[in-house]
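Asker: The structure follows.
Please treat every number below as a calculation from the coordinates, not as lab data. Please read all numbers here as calculations on a predicted model, not as lab measurements. We place every Cβ from the backbone using ideal geometry, glycine too, and count neighbours over all the protein chains shown.
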């Protein structure tokens, strides 16, 4: 072969191989250009991931995520639809099939019996729920669920019948899939709620929780992966919008939080949030949600308990215990914990003082003789450090705060403990004594005692609440809860603590501080809250905007006006998105009321009440607007509803009493003011107003008592001293009148009314 022929062959080969190489490079260039333009990626579905990520896909297939929701079919429906029946408070529901459709005969929207088609399943194990379509794009969750373990139908509210107008009744908002469930059970969920019509056009890209629910839309990543390896451009995170590897522990936990936290969502999950509070506002350790020591009470999921834990403080993350694709635990039994904790110390009887599995002994039984806990159960780390509760009847969920058992706190706070959860036949004191024998009597202080005192409004708790809120050694959720409780005290030190928290490193603390700041002066509020309109975290800046609505009527100045308008628009959009909740409608009503748009405010308050007739804040604020408009009868009717439904709401009894006094219904007004004064003994102003009303009714002795109670809380209040002096003057008790007047004069020398009273009393006595 001649040199020229060899050269020609080589040249041809170069040309042949250069063609695909050029194509590869051009595709790579185009993709890099698209990345630079930040063109929005699209959702492609989990099946698009399978070819390259077979192992991860196989783990995900059959997981609780993959089975979170499905169209109803013979393959997906677990329940018995062969004519099975369930009787519930006199109502018999029947499950059957008709023309391959899954049907149920049960009570409908007005409590009347009807036939309803089930179109979707919801969940898999340990229970499966069923969804029924209604007009307006609604899907409603049937309250009768299938127990996947025991193979039976059961009602989610077995202890009480629900009236057809109850928020929790299955055709109302409390069981609305679009509002309550959808965003965590589907991928790329777009709620598409229209607040004007109250209808939904909810859509998703994947009916269940797929790969892109965590990784974000995958079209750019798929395009990148389809290129030959040598031609793939160097793009951030392999062109996936959500970084899921190399994360800090905090960021990984926040990645799971949107679905594993009890929270108020602010937006659809667009997979681009830098902080969890860009997406939602987590529930604090509030009464009714958590026990005072932070243990789970209501269905609060995992996030709020886990971020209390020492595990979280020491950078443990979800994936240290759970396989992120199958969601299963990565190890069984104590082996999971022994990844970090030394078996020679912790997996021993010297540590847990319980028999191991296989040892002889008697199990713990129920009163009816059923085995509650087998021998060896007490040696499991989870039993002592993650005691849980059943939700939805059969769904047992361990508490992820990983706490040390504290039966001593059970005695003090009436909280559950791991010991008596198992040893149901023993007293709490028995558990306390056992712990003292094993580990010593000395116990570390626990924030639960302070939070419990704060819930009671114990005056001695305020200083500790403030200290705790400012101490960064406590978990942020504990600090924010302490701050929130402190703000309920009418004390300047609490207000100062809130002001300090406005600049805290924690977004949760900043949000709580803005939300609870009691500063009525517009200028002061602008100075304090205005800078937070620039906060990088959405929840904080939109709360700052909400807080400034009233002040904005006087102008915020060039520094704050534009960010205020932008943040307020974000806030209104967030509330409109969740306008199917009474609380969001109430929030919108407050905004428009502060802006002076009374009619719009009234409309939102009325809508809130229509959504949930027991949502009393909307009734109270609507009553205030009615009262301001002179519609006192309408205002009175609303406040009476509230106190009838919630007799322990003494603040509302106070408002109703004042309103009745304005209407000159003194005899009734004094009853409500008396109840309010008894229920809120530290609210000295209530005692003062009660005293004025009692004096109006010529019940001087009772008025005197009320004024002395007010002065016991606020001894030198000029209004209280003046009222007492005047009462004694009119009661013809000049010596006591002079004593009160002298105290007023000496305590407030700059006030003329004290000097005038003393002069009047002394001159009156001289002229007698």
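Asker: Along its three principal axes, how long is region 390-435 when you only count alpha carbons? Whole Å, largest extent first please.
Answerer: 33, 23, 17
Asker: Round to the nearest 10 and give me the degree value, 0 to 90, for the angle of helix 666-679's Cα axis relative to the longest principal axis of the chain.
Answerer: Helix 666-679 and the main axis of the chain meet at about 60 degrees.
Asker: How would you order 467-477, 279-289 from highest to lowest mean count of nearby Cβ atoms within 10 Å?
Answerer: 279-289, 467-477
Asker: Using all C-alpha to C-alpha distances in region 194-253, build P(r) with 5 Å bins and read off the rounded percent in each one.
Answerer: 4, 14, 17, 16, 15, 12, 10, 6, 4, 2, 1
Asker: Quote the Stokes-Einstein diffusion coefficient, in whole µm² s⁻¹, for region 325-447, based on the Kirkwood radius over alpha carbon pairs, a temperature of 10 °C and a viscosity of 1.306 mPa s.
Answerer: So the translational diffusion coefficient is about 100 µm²/s.
Asker: I've got another one for you. What is the distance in Å between the Cα centres of region 695-717 and region 730-768?
Answerer: Cα centroid to Cα centroid, the span is 17 Å.
Asker: Sum -39500 (n - 2.57) across every DSSP H segment of at least 4 residues in the chain, then divide by the residue count to get the 222 nm mean residue ellipticity, nearest 500.
Answerer: Only helices count here, giving -13500 deg cm²/dmol.
Asker: Quick one: the Cα spread of region 607-657 along its three principal axes, in angstroms, biggest first?
Answerer: Largest first, region 607-657 extends 26, 25, 13 Å along its Cα principal axes.
Asker: Follow-up question, since we're still on this one. Using Cα centres only, tell me the gap between region 353-405 and region 422-471 in whole Å.
Answerer: First find each Cα centre; the distance between them is then 23 Å.
Asker: Taking a ≥ b ≥ c as the square roots of the eigenvalues of the Cα gyration tensor of region 142-204, is the shape rounded (a/c under 1.5), prolate (a/b larger than b/c) or oblate?
Answerer: oblate
Asker: Measuring from label point to label point, each 7 Å out along Cα→Cβ, what is the residue 705 to residue 272 span in nm?
Answerer: Going by the 7 Å Cα→Cβ label model, 6.6 nm.
Asker: Another question, then. Evaluated at 10 °C with a viscosity of 1.306 mPa s, what Stokes-Einstein diffusion coefficient in µm²/s does region 587-725 have when Rh comes from the Kirkwood expression over alpha-carbon pairs?
Answerer: Rounded to a whole number, D works out at 100 µm²/s.
Asker: Is the shape of region 247-294 rounded, prolate or oblate, going by the alpha carbon gyration tensor and its root eigenvalues a ≥ b ≥ c, with a/c under 1.5 for rounded and a/b larger than b/c for prolate?
Answerer: oblate
Asker: Could I ask something else about it? What is the percent of Cα-Cα separations in region 402-561 that go past 24 Å?
Answerer: Of all Cα-Cα distances in region 402-561, 47 percent exceed 24 Å.
Asker: Could the peptides 104-112, 633-641 be put in order, highest first, of the mean number of other beta-carbon atoms found within 10 Å of their residues?
Answerer: Going by the mean number of other Cβ atoms within 10 Å, highest first, we get 633-641, 104-112.
Asker: Could you give the nm distance between label points at residue 682 and residue 322, where each point is 7 Å from its Cα heading toward the beta carbon?
Answerer: 3.9
Asker: Let me ask something else about it. Find the all-direction average of the projected area of the Cα convex hull for region 69-209, expressing the result in square nanometres with one decimal place.
Answerer: Approximately 8.6 nm², given one-decimal rounding.
Asker: With 10 Å bins from zero, work out the P(r) of region 249-403 over every alpha carbon pair and list the percent per bin.
Answerer: 10, 32, 34, 18, 6, 1
Asker: Points 7 angstrom from Cα along the Cβ direction at residue 152 and residue 764: gap in nanometres?
Answerer: Those two pseudo-labels are separated by 7.7 nm.
Asker: I've got another one for you. Sorted by packing (mean other beta-carbon atoms within 10 Å per residue), highest first, where do 323-335, 604-616 land?
Answerer: So the peptides 323-335, 604-616, ranked by packing, come out 604-616, 323-335.
Asker: Turning to a different aspect of this structure: If you stretched the chain out fully between residue 566 and residue 600, how much longer would it get, using 0.36 nm times the residue separation minus the C-alpha to C-alpha distance?
Answerer: Value of the extension gain: 10.2 nm.
Asker: Any chance you could give the angle, 0 to 90 degrees and rounded to 10, that helix 476-486 forms with the longest Cα principal axis of the chain?
Answerer: 20
Asker: Then there is this: Round to a whole angstrom and tell me the spacing of the C-alpha centers of region 522-560 and region 42-65.
Answerer: 45
Asker: OK, next. For region 218-320, compute the orientation-averaged projected area of the C-alpha convex hull (one quarter of its surface), in nm².
Answerer: Quarter of the Cα hull surface area: 8.1 nm².
Asker: So what's the angle, to the nearest 10 degrees on a 0 to 90 scale, between helix 3-37 and the longest Cα principal axis of the chain?
Answerer: So the helix axis and the longest Cα principal axis differ by about 10 degrees.
Asker: Could you give the length gained on full extension between residue 426 and residue 234, defined as 0.36 nm per residue of separation minus the Cα-Cα distance, in nm?
Answerer: That pair, residue 426 and residue 234, stretches by 62.7 nm at full extension.
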